[in-house]
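One structure is given below, encoded as structure tokens.
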Amino acid sequence: QVQVVESGGGLVQPGGSLNLSCAASGFRFTIYTINWFRQAPGKQREWVAKIDSNGRTDYRDPVKGRFTISRDNGRNTVSLQMSRLEPDDTAVYYCNPFYHGTQYWGQGTQVTVSS
């Protein structure tokens with residue numbers, strides 16, 4: 001049974017940091033590209049960052065230099081370290097394992113950046 005579980009969200013002040021985690025099981029984690037998406041209230045879901053099976057990373061322009069994605073294939077986990085958070089980063093964050101058209105979604109974790 002496939003499971004994708006995000007955690008680590010919360011309320012943080014502008015300029016603060018959070019570390020999101022995605023724990024996955026039930027599929028060959030090591031061959032999947034792992035994406036992070038986010039969806040703010042009233043907006044479409046948008047891609048944030050990705051890490052492929054070789055560890056190569058890419059980021060949405062507004063988060064470059066502030067967010068870092070990493071993976072631990074031994075533990076089937078992916079982390080998204082977020083720093084210098086801004087109110088516009090407020091959203092539900094989703095982990096999205098993807099491989100050749102097969103993809104999975106977690107339930108998401110809420111990140112709120114507010115003073």
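Quick rundown of the values:
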quantity	calculated
Under the Karplus curve 6.51 cos²θ - 1.76 cosθ + 1.60, θ = phi - 60°, whole-Hz ³J(HN,Hα) for the range 78-95, x wherever Gly or Pro sits	10, 10, 10, 8, 10, 10, 6, 5, 10, x, 5, 7, 4, 4, 8, 9, 10, 8
Burial order of peptide ranges 47-60, 26-39 (average beta-carbon count within 10 Å, highest first)	26-39, 47-60
Dipole moment magnitude, nearest 20 debye, the range 47-115 about Cα centre, only Lys, Arg, Asp, Glu C-beta charged	180
Spacing of the two label points (7 Å from each Cα toward its C-beta) at residue 25 and residue 84, in nm	3.8
Model label zone, residue 102; criterion: amide N under 12 Å from point 7 Å along Cα-to-beta-carbon; scope the range 23-40	26-33
Model label zone, residue 46; criterion: amide N under 13 Å from point 7 Å along Cα-to-beta-carbon; scope the range 75-109	86-92
Cα Rg, Dmax, the chain, angstrom units	13.4, 41
Residue 18 accessible area, 1.4 Å probe, all protein chains in place, Å² to nearest 10	30
Solvent-accessible area per residue, Å², over the range 11-115 with all protein chains present [probe radius 1.4 Å]	54
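The values are calculated or read from the model by the stated rules, or taken from the named source; none is laboratory data. On a predicted model such as this, the values are computed, not experimentally measured, just so you know. Please note: Cβ atoms are built from the backbone with ideal geometry, for glycine as well, and neighbour counts cover all protein chains shown. Heads up: the accessible areas ignore ligands, DNA and RNA and are worked out on the full protein's heavy atoms, side chains in. Shrake-Rupley method; radii C 1.70, N 1.55, O 1.52, S 1.80 Å.
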